[in-house]
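The values are calculated or read from the model by the stated rules, or taken from the named source; none is laboratory data. Small disclaimer: the values here were computed from a predicted structure and weren't measured. Positions of Cβ are backbone-derived with ideal geometry, glycine not excepted, and every protein chain shown enters the neighbour counts. Just so you know, the surface numbers come from the protein's heavy atoms only, side chains and all, with ligands and any DNA or RNA stripped out. Shrake-Rupley method; radii C 1.70, N 1.55, O 1.52, S 1.80 Å.
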Amino acid sequence: MPSYTLEQLTEQLAAIECEVRRNLAEVTQVDALRGLESRVLGKQGSLGALISSVKEYPPEQRGQVGKTVNEAKVRVKGLIDERLRTLESAASQAEVSAAGALDPTLPGVRRPLGSVHPVTAVQWEIERAFERLGFTVEAGPEMEEEYNNFDALNIPPTHPARDMQDTFWVDNGKVLRTHTSPVQHRAMIKFGAPLRIIAPGRCFRYETIDASHENTFHQVEGLVIDRDISLANLIAMAQTLLREVMRREVKLRVRPGYFPFVEPGIEIDMNCQICGGKRCPTCKQSGWVEILPAGMVHPNVLAAGKIDTEIYTGFAFGLGLTRLAMMKYGIRDIRVLNSGDLRALVAPERFGGPLLRGAEN
Ligand code: PHE
(Lines give C-alpha, C1' and ligand atoms only; values in the text may rest on other atoms or scores of the structure.)
Protein backbone atom coordinates (compact mmCIF):
# COMPACT_ATOMS: atom_id res chain seq x y z
CA MET A 1 0.00 0.00 0.00
CA PRO A 2 1.26 3.50 -0.80
CA SER A 3 1.87 5.77 2.23
CA TYR A 4 0.03 8.77 0.81
CA THR A 5 -3.31 9.55 -0.76
CA LEU A 6 -3.09 11.54 -3.98
CA GLU A 7 -4.00 14.64 -2.07
CA GLN A 8 -1.30 14.12 0.55
CA LEU A 9 1.16 13.35 -2.20
CA THR A 10 0.38 16.62 -3.93
CA GLU A 11 0.93 18.47 -0.67
CA GLN A 12 4.23 16.67 -0.14
CA LEU A 13 5.37 17.58 -3.63
CA ALA A 14 4.47 21.22 -3.13
CA ALA A 15 6.39 21.25 0.15
CA ILE A 16 9.44 19.66 -1.47
CA GLU A 17 9.38 22.13 -4.33
CA CYS A 18 9.11 25.01 -1.92
CA GLU A 19 12.01 23.67 0.11
CA VAL A 20 14.11 23.28 -3.03
CA ARG A 21 13.47 26.87 -4.04
CA ARG A 22 14.45 28.05 -0.62
CA ASN A 23 17.63 25.95 -0.55
CA LEU A 24 18.61 26.89 -4.08
CA ALA A 25 18.63 30.55 -3.21
CA GLU A 26 21.23 29.77 -0.56
CA VAL A 27 23.47 27.43 -2.56
CA THR A 28 26.56 29.20 -3.91
CA GLN A 29 28.86 26.27 -4.81
CA VAL A 30 28.44 23.70 -7.56
CA ASP A 31 29.36 20.87 -5.14
CA ALA A 32 26.71 21.93 -2.68
CA LEU A 33 24.22 22.04 -5.53
CA ARG A 34 25.09 18.47 -6.57
CA GLY A 35 24.59 17.44 -2.94
CA LEU A 36 21.21 19.11 -2.87
CA GLU A 37 20.27 17.42 -6.13
CA SER A 38 21.03 13.96 -4.78
CA ARG A 39 19.22 14.68 -1.50
CA VAL A 40 16.14 15.51 -3.53
CA LEU A 41 16.26 13.49 -6.74
CA GLY A 42 18.49 10.58 -5.67
CA LYS A 43 16.86 7.17 -5.08
CA GLN A 44 16.66 7.83 -1.36
CA GLY A 45 15.98 11.54 -1.91
CA SER A 46 12.83 13.30 -0.77
CA LEU A 47 11.40 13.38 -4.29
CA GLY A 48 13.27 10.28 -5.49
CA ALA A 49 11.51 8.17 -2.87
CA LEU A 50 8.13 9.47 -4.03
CA ILE A 51 9.03 8.60 -7.62
CA SER A 52 9.85 5.03 -6.55
CA SER A 53 6.57 4.80 -4.65
CA VAL A 54 4.49 5.24 -7.82
CA LYS A 55 4.50 1.48 -8.43
CA GLU A 56 2.86 0.88 -5.03
CA TYR A 57 -0.33 2.58 -6.18
CA PRO A 58 -3.16 0.48 -7.55
CA PRO A 59 -3.11 0.36 -11.38
CA GLU A 60 -6.14 2.63 -11.77
CA GLN A 61 -4.42 5.40 -9.81
CA ARG A 62 -0.93 4.89 -11.15
CA GLY A 63 -1.40 7.02 -14.26
CA GLN A 64 -2.55 10.07 -12.37
CA VAL A 65 0.01 9.64 -9.57
CA GLY A 66 2.84 9.09 -12.04
CA LYS A 67 1.89 12.18 -13.99
CA THR A 68 1.72 14.35 -10.87
CA VAL A 69 5.06 13.13 -9.54
CA ASN A 70 6.74 13.43 -12.91
CA GLU A 71 5.57 16.98 -13.45
CA ALA A 72 7.02 17.92 -10.07
CA LYS A 73 10.26 16.18 -10.98
CA VAL A 74 10.55 18.09 -14.26
CA ARG A 75 9.97 21.38 -12.47
CA VAL A 76 12.48 20.66 -9.73
CA LYS A 77 15.09 19.42 -12.20
CA GLY A 78 14.57 22.60 -14.23
CA LEU A 79 15.15 24.76 -11.18
CA ILE A 80 18.32 22.89 -10.26
CA ASP A 81 19.68 23.02 -13.82
CA GLU A 82 19.01 26.70 -14.08
CA ARG A 83 20.91 27.32 -10.86
CA LEU A 84 23.72 25.08 -12.08
CA ARG A 85 24.15 27.13 -15.25
CA THR A 86 24.32 30.33 -13.23
CA LEU A 87 26.84 28.91 -10.77
CA GLU A 88 29.03 27.38 -13.46
CA SER A 89 29.26 30.50 -15.49
CA ALA A 90 29.98 32.54 -12.36
CA ALA A 91 32.69 30.03 -11.37
CA SER A 92 34.43 30.11 -14.71
CA GLN A 93 34.30 33.89 -14.80
CA ALA A 94 35.84 33.97 -11.36
CA GLU A 95 38.63 31.70 -12.61
CA VAL A 96 39.32 33.96 -15.53
CA SER A 97 39.41 37.09 -13.47
CA ALA A 98 41.62 35.35 -10.90
CA ALA A 99 44.05 34.70 -13.75
CA GLY A 100 43.89 38.39 -14.51
CA ALA A 101 42.42 37.84 -17.93
CA LEU A 102 39.08 38.57 -19.46
CA ASP A 103 37.50 36.03 -21.75
CA PRO A 104 34.97 37.92 -23.82
CA THR A 105 33.66 34.72 -25.36
CA LEU A 106 32.20 33.50 -22.05
CA PRO A 107 28.46 33.83 -21.62
CA GLY A 108 27.47 36.50 -19.12
CA VAL A 109 26.13 35.76 -15.65
CA ARG A 110 22.42 35.43 -15.93
CA ARG A 111 20.55 37.60 -13.49
CA PRO A 112 16.86 36.95 -12.87
CA LEU A 113 14.89 39.83 -14.30
CA GLY A 114 12.56 42.05 -12.36
CA SER A 115 11.78 42.39 -8.68
CA VAL A 116 8.65 42.20 -6.59
CA HIS A 117 6.96 44.50 -4.16
CA PRO A 118 7.59 43.55 -0.51
CA VAL A 119 3.87 43.09 0.06
CA THR A 120 3.67 40.71 -2.91
CA ALA A 121 6.70 38.75 -1.69
CA VAL A 122 5.17 38.23 1.76
CA GLN A 123 1.78 37.48 0.23
CA TRP A 124 3.25 34.67 -1.89
CA GLU A 125 5.01 33.27 1.12
CA ILE A 126 1.82 33.26 3.15
CA GLU A 127 -0.15 31.70 0.32
CA ARG A 128 2.38 28.90 0.05
CA ALA A 129 2.41 28.30 3.79
CA PHE A 130 -1.39 28.05 3.88
CA GLU A 131 -1.66 25.99 0.72
CA ARG A 132 0.52 23.40 2.43
CA LEU A 133 -2.00 23.38 5.28
CA GLY A 134 -4.82 22.66 2.84
CA PHE A 135 -6.28 26.16 2.56
CA THR A 136 -7.78 27.51 -0.65
CA VAL A 137 -6.83 31.01 -1.76
CA GLU A 138 -9.94 33.08 -2.45
CA ALA A 139 -10.45 36.60 -3.75
CA GLY A 140 -13.23 39.16 -3.58
CA PRO A 141 -13.86 42.49 -5.30
CA GLU A 142 -12.24 45.67 -4.03
CA MET A 143 -15.48 47.55 -4.70
CA GLU A 144 -17.86 45.61 -2.48
CA GLU A 145 -21.56 45.52 -1.63
CA GLU A 146 -22.35 47.40 1.55
CA TYR A 147 -24.13 44.25 2.76
CA ASN A 148 -21.03 42.04 2.44
CA ASN A 149 -18.69 44.58 3.97
CA PHE A 150 -20.94 45.30 6.94
CA ASP A 151 -24.39 43.71 7.41
CA ALA A 152 -23.36 40.10 6.76
CA LEU A 153 -20.60 40.62 9.31
CA ASN A 154 -23.01 41.52 12.08
CA ILE A 155 -22.63 45.27 11.53
CA PRO A 156 -26.15 46.57 10.79
CA PRO A 157 -26.57 50.17 9.53
CA THR A 158 -27.11 51.65 12.98
CA HIS A 159 -24.22 49.78 14.59
CA PRO A 160 -21.62 52.07 16.15
CA ALA A 161 -18.91 49.78 14.78
CA ARG A 162 -19.53 51.29 11.34
CA ASP A 163 -17.57 54.26 12.63
CA MET A 164 -14.58 52.06 13.53
CA GLN A 165 -13.68 51.93 9.88
CA ASP A 166 -13.88 55.20 7.97
CA THR A 167 -15.31 54.23 4.67
CA PHE A 168 -14.96 55.40 1.07
CA TRP A 169 -18.47 55.27 -0.39
CA VAL A 170 -18.90 54.96 -4.13
CA ASP A 171 -21.67 56.85 -6.01
CA ASN A 172 -23.34 53.55 -6.94
CA GLY A 173 -24.00 52.74 -3.26
CA LYS A 174 -21.13 50.28 -2.99
CA VAL A 175 -18.07 50.75 -0.80
CA LEU A 176 -14.34 50.33 -1.28
CA ARG A 177 -13.98 47.37 1.07
CA THR A 178 -12.59 48.47 4.41
CA HIS A 179 -11.22 44.98 5.15
CA THR A 180 -10.98 41.56 3.54
CA SER A 181 -13.66 40.18 5.88
CA PRO A 182 -16.44 40.34 3.23
CA VAL A 183 -14.69 37.40 1.56
CA GLN A 184 -15.63 35.37 4.67
CA HIS A 185 -19.28 35.77 3.77
CA ARG A 186 -18.68 35.14 0.08
CA ALA A 187 -16.76 31.94 0.85
CA MET A 188 -19.43 30.60 3.21
CA ILE A 189 -22.08 31.11 0.56
CA LYS A 190 -19.89 29.67 -2.19
CA PHE A 191 -18.51 26.58 -0.40
CA GLY A 192 -20.53 25.96 2.77
CA ALA A 193 -18.90 24.07 5.65
CA PRO A 194 -16.33 22.71 6.42
CA LEU A 195 -14.14 25.43 5.04
CA ARG A 196 -10.50 26.57 5.07
CA ILE A 197 -9.65 29.66 3.07
CA ILE A 198 -7.38 32.64 3.04
CA ALA A 199 -8.14 35.78 1.09
CA PRO A 200 -5.33 38.26 0.48
CA GLY A 201 -6.28 41.63 -0.90
CA ARG A 202 -6.23 45.38 -0.98
CA CYS A 203 -8.40 47.37 1.43
CA PHE A 204 -9.21 51.04 1.73
CA ARG A 205 -9.99 53.43 4.56
CA TYR A 206 -10.58 57.12 4.64
CA GLU A 207 -7.51 57.83 6.77
CA THR A 208 -5.06 60.64 7.13
CA ILE A 209 -1.78 59.28 5.85
CA ASP A 210 1.29 59.23 8.09
CA ALA A 211 4.24 56.91 8.75
CA SER A 212 1.99 54.12 9.99
CA HIS A 213 -1.38 54.83 8.29
CA GLU A 214 -2.32 54.49 4.65
CA ASN A 215 -5.66 54.82 2.90
CA THR A 216 -4.73 51.77 0.83
CA PHE A 217 -3.24 48.70 2.48
CA HIS A 218 -3.27 44.92 2.32
CA GLN A 219 -4.73 42.27 4.58
CA VAL A 220 -4.98 38.50 4.45
CA GLU A 221 -8.28 37.20 5.72
CA GLY A 222 -8.36 33.69 7.08
CA LEU A 223 -11.38 31.55 7.85
CA VAL A 224 -11.64 28.03 9.19
CA ILE A 225 -15.01 26.42 9.81
CA ASP A 226 -15.32 22.88 11.02
CA ARG A 227 -16.46 20.77 13.94
CA ASP A 228 -14.70 21.45 17.26
CA ILE A 229 -12.68 24.47 16.20
CA SER A 230 -11.35 26.46 19.13
CA LEU A 231 -9.31 29.51 20.01
CA ALA A 232 -6.34 27.23 20.76
CA ASN A 233 -6.27 26.16 17.08
CA LEU A 234 -6.18 29.81 16.08
CA ILE A 235 -3.31 30.75 18.36
CA ALA A 236 -1.25 27.71 17.37
CA MET A 237 -1.77 28.54 13.72
CA ALA A 238 -0.75 32.17 14.27
CA GLN A 239 2.48 31.10 15.92
CA THR A 240 3.40 28.71 13.12
CA LEU A 241 2.56 31.21 10.43
CA LEU A 242 4.47 34.15 11.86
CA ARG A 243 7.50 32.03 12.65
CA GLU A 244 7.53 30.69 9.11
CA VAL A 245 7.18 34.07 7.43
CA MET A 246 9.68 35.87 9.63
CA ARG A 247 12.07 32.85 9.50
CA ARG A 248 12.90 33.37 13.16
CA GLU A 249 11.25 32.85 16.53
CA VAL A 250 8.82 35.69 17.26
CA LYS A 251 7.13 36.55 20.53
CA LEU A 252 3.39 36.85 20.51
CA ARG A 253 1.01 38.32 23.00
CA VAL A 254 -2.73 37.86 23.00
CA ARG A 255 -5.13 40.56 24.18
CA PRO A 256 -8.89 40.79 24.09
CA GLY A 257 -10.14 42.83 21.13
CA TYR A 258 -13.55 43.86 19.87
CA PHE A 259 -14.88 43.17 16.39
CA PRO A 260 -18.61 42.69 15.82
CA PHE A 261 -18.05 39.62 13.63
CA VAL A 262 -16.18 37.58 16.24
CA GLU A 263 -16.93 36.51 19.78
CA PRO A 264 -14.66 36.32 21.66
CA GLY A 265 -12.38 38.65 19.72
CA ILE A 266 -8.64 38.88 20.25
CA GLU A 267 -5.65 40.89 19.09
CA ILE A 268 -2.45 38.98 18.52
CA ASP A 269 0.59 41.24 18.75
CA MET A 270 4.13 40.44 17.66
CA ASN A 271 7.26 41.87 19.29
CA CYS A 272 8.44 44.77 17.11
CA GLN A 273 10.95 43.45 14.59
CA ILE A 274 12.33 46.90 13.86
CA CYS A 275 13.64 47.57 17.38
CA GLY A 276 13.47 44.01 18.71
CA GLY A 277 10.99 45.12 21.35
CA LYS A 278 13.18 47.94 22.67
CA ARG A 279 10.54 50.55 21.71
CA CYS A 280 10.74 52.77 18.63
CA PRO A 281 8.46 55.09 16.63
CA THR A 282 7.25 52.21 14.43
CA CYS A 283 5.79 50.35 17.43
CA LYS A 284 4.67 53.64 18.96
CA GLN A 285 7.17 53.09 21.76
CA SER A 286 5.36 49.99 23.00
CA GLY A 287 7.70 47.23 21.79
CA TRP A 288 4.69 45.44 20.21
CA VAL A 289 2.82 45.71 16.93
CA GLU A 290 -0.74 44.63 16.26
CA ILE A 291 -0.43 42.06 13.53
CA LEU A 292 -3.34 39.67 13.72
CA PRO A 293 -6.81 40.66 14.90
CA ALA A 294 -8.89 37.52 15.15
CA GLY A 295 -11.54 35.57 17.02
CA MET A 296 -14.22 32.91 16.93
CA VAL A 297 -16.72 33.60 14.15
CA HIS A 298 -19.88 35.16 15.58
CA PRO A 299 -22.93 32.90 15.24
CA ASN A 300 -24.79 35.70 13.42
CA VAL A 301 -22.06 35.71 10.78
CA LEU A 302 -22.23 31.92 10.38
CA ALA A 303 -26.02 32.14 10.11
CA ALA A 304 -25.80 34.89 7.47
CA GLY A 305 -23.46 32.55 5.57
CA LYS A 306 -26.03 29.71 5.84
CA ILE A 307 -23.78 27.61 8.08
CA ASP A 308 -25.42 25.34 10.64
CA THR A 309 -24.37 26.83 13.98
CA GLU A 310 -25.47 23.69 15.84
CA ILE A 311 -22.75 21.69 14.11
CA TYR A 312 -20.00 24.11 13.19
CA THR A 313 -17.78 26.68 14.83
CA GLY A 314 -14.95 28.60 13.25
CA PHE A 315 -12.22 31.12 13.66
CA ALA A 316 -11.30 34.08 11.50
CA PHE A 317 -8.39 36.47 11.35
CA GLY A 318 -7.43 39.57 9.41
CA LEU A 319 -3.65 39.56 9.10
CA GLY A 320 -2.12 42.99 8.55
CA LEU A 321 -0.13 42.06 5.46
CA THR A 322 1.28 45.53 4.88
CA ARG A 323 2.49 45.73 8.44
CA LEU A 324 3.99 42.25 8.29
CA ALA A 325 5.90 43.18 5.12
CA MET A 326 7.21 46.28 6.88
CA MET A 327 8.36 44.17 9.82
CA LYS A 328 9.97 41.56 7.63
CA TYR A 329 11.91 43.97 5.45
CA GLY A 330 12.59 46.62 8.10
CA ILE A 331 10.52 49.31 6.35
CA ARG A 332 9.82 52.08 8.84
CA ASP A 333 7.48 54.27 6.84
CA ILE A 334 4.34 52.82 5.25
CA ARG A 335 4.27 55.58 2.64
CA VAL A 336 7.26 54.03 0.89
CA LEU A 337 5.13 51.08 -0.13
CA ASN A 338 2.72 53.00 -2.34
CA SER A 339 5.30 55.51 -3.51
CA GLY A 340 6.67 53.61 -6.51
CA ASP A 341 10.16 53.92 -5.03
CA LEU A 342 12.08 51.11 -6.72
CA ARG A 343 14.53 50.84 -3.85
CA ALA A 344 11.78 49.22 -1.78
CA LEU A 345 11.48 46.27 -4.16
CA VAL A 346 12.65 42.81 -3.19
CA ALA A 347 15.30 41.18 -5.37
CA PRO A 348 13.92 38.03 -7.02
CA GLU A 349 16.58 35.74 -5.57
CA ARG A 350 15.26 36.54 -2.11
CA PHE A 351 11.87 34.95 -2.69
CA GLY A 352 10.56 31.92 -4.46
CA GLY A 353 7.81 33.36 -6.64
CA PRO A 354 4.37 31.86 -7.01
CA LEU A 355 4.59 28.14 -6.56
CA LEU A 356 1.27 26.65 -7.39
CA ARG A 357 -0.07 29.14 -9.87
CA GLY A 358 1.16 30.21 -13.24
CA ALA A 359 0.11 33.82 -13.37
CA GLU A 360 0.23 36.32 -10.57
CA ASN A 361 -2.09 39.25 -9.94
N1 PHE B 1 -11.63 42.84 9.60
C2 PHE B 1 -10.98 43.30 10.80
C3 PHE B 1 -10.33 44.64 10.53
O4 PHE B 1 -9.88 44.91 9.47
C5 PHE B 1 -9.94 42.33 11.29
C6 PHE B 1 -10.51 41.01 11.74
C7 PHE B 1 -10.71 39.98 10.83
C8 PHE B 1 -10.81 40.80 13.07
C9 PHE B 1 -11.21 38.76 11.26
C10 PHE B 1 -11.30 39.60 13.49
C11 PHE B 1 -11.50 38.56 12.58
O12 PHE B 1 -10.24 45.47 11.40
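Per residue, how much accessible surface does the chain expose to a 1.4 Å probe? Answer in Å², no decimals.
52 Å²
Share of the range 212-278's accessible area from carbon and sulfur, percent, 1.4 Å?
Numbers: 1550 of 3060 Å².
Reported share for carbon and sulfur atoms: 51 percent.
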Within the range 118-350, count lysine pairs with alpha carbon atoms under 27 angstrom apart where the residues are 8 or more positions apart or belong to different chains. 8
Rank ALA32, SER181, GLY295 by how far each Cα sits towards the positive end of the charge dipole of the chain (+1 on Lys, Arg Cβ; -1 on Asp, Glu Cβ) and give me just the farthest. ALA32
Using 0.36 nm per residue, how much length does the chain from ARG335 to SER92 gain when fully extended, once their Cα-Cα distance is taken away? 83.2 nm
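Go ahead and run the numbers for FRET between GLN64 and VAL170, Cβ-Cβ distance against an R0 of 45 Å, rounding to 0.05. If you can, show how the numbers build up before the last one.
Numbers: r = 46 Å, r/R0 = 1.03.
Once rounded, the FRET efficiency stands at 0.45.
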Once you order the gyration tensor axes a ≥ b ≥ c over the Cα atoms, which shape class does the chain get: rounded for a/c under 1.5, otherwise prolate or oblate by comparing a/b with b/c? oblate
Using 7 Å Cα-to-Cβ label points, what is the SER38/ASN233 separation (nm, one decimal)? 4.4 nm
Tell me the relative contact order for the chain as a rounded percent, counting alpha carbon contacts under 8 Å between residues six or more apart. 17 percent
Rounded to the nearest 20 debye, what is the charge dipole size of the chain about its Cα centre when +1 sits on each Lys and Arg Cβ and -1 on each Asp and Glu Cβ? 920 debye
Using a 1.4 angstrom probe on the protein heavy atoms only, could you order VAL20, VAL30, VAL254 from most to least accessible area? VAL254, VAL30, VAL20
May I ask you to list the lysines whose Cα is less than 27 Å away from that of LYS77, ignoring any residue fewer than eight positions away on the same chain? LYS43, LYS55, LYS67
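Rounded to the nearest 0.05, what FRET efficiency do GLU82 and SER3 give with R0 = 45 Å and r taken as the Cβ-Cβ distance? Could you check?
Numbers: r = 31 Å, r/R0 = 0.68.
For GLU82 and SER3, the calculated efficiency is 0.90.
Just want to confirm a number: the relative contact order over the range 6-99, from Cα pairs under 8 angstrom separated by 6+ residues, in percent.
Details: 46 pairs, mean separation 29.8, N = 94.
Relative contact order for the range 6-99 comes out at 32 percent.
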May I ask what percent, to the nearest 5, of DSSP beta bridges between residues of the range 76-221 are antiparallel? 85 percent
Accessible area of PHE168 in the full protein assembly, 1.4 Å probe (Å², nearest 10): 60 Å²
Excluding ligands and nucleic acids, what accessible area in Å² is computed for LEU231 using a 1.4 Å probe, to the nearest 10? 50 Å²
